[in-house]
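Inspection log for the structure reproduced underneath, given as structure tokens.
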């Protein structure tokens, strides 16, 4: 998914593959916990976010 602004100019959508979890665990992880991690936000499988498109103008250098 590519970042985009909605046609009405109100919202900016973007995605991230950033993960909140380590690739490995120093302790054993149960099957149930691993499934919970894989099905939760921040799992590295491209979460989708949106913000008010005004952020673009606010962060634009002058």
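Return the residues of the range 26-62 that are in a helix (DSSP H, G or I), surrounded by 10 or more Cβ atoms within 10 Å (Cβ to Cβ) and within 20 Å of the chain's Cα centre (by Cα); say none if nothing qualifies.
Selection gives 34, 35, 36, 37, 38, 54, 55, 56.
I need every pair where a residue in the range 10-25 that is on the phi > 0 side of the Ramachandran plot and assigned to a strand (DSSP E or B) has its Cβ under 7 Å from the Cβ of a residue that is at pLDDT 90 or above and surrounded by 13 or more Cβ atoms within 10 Å (Cβ to Cβ), sequence separation at least 6 or different chains.
none
The values are calculated or read from the model by the stated rules, or taken from the named source; none is laboratory data. Keep in mind the model is a prediction, meaning the values are calculated, not measured. Reconstructed Cβ throughout: ideal geometry from the backbone, glycine too, with neighbour counts over all protein chains shown.
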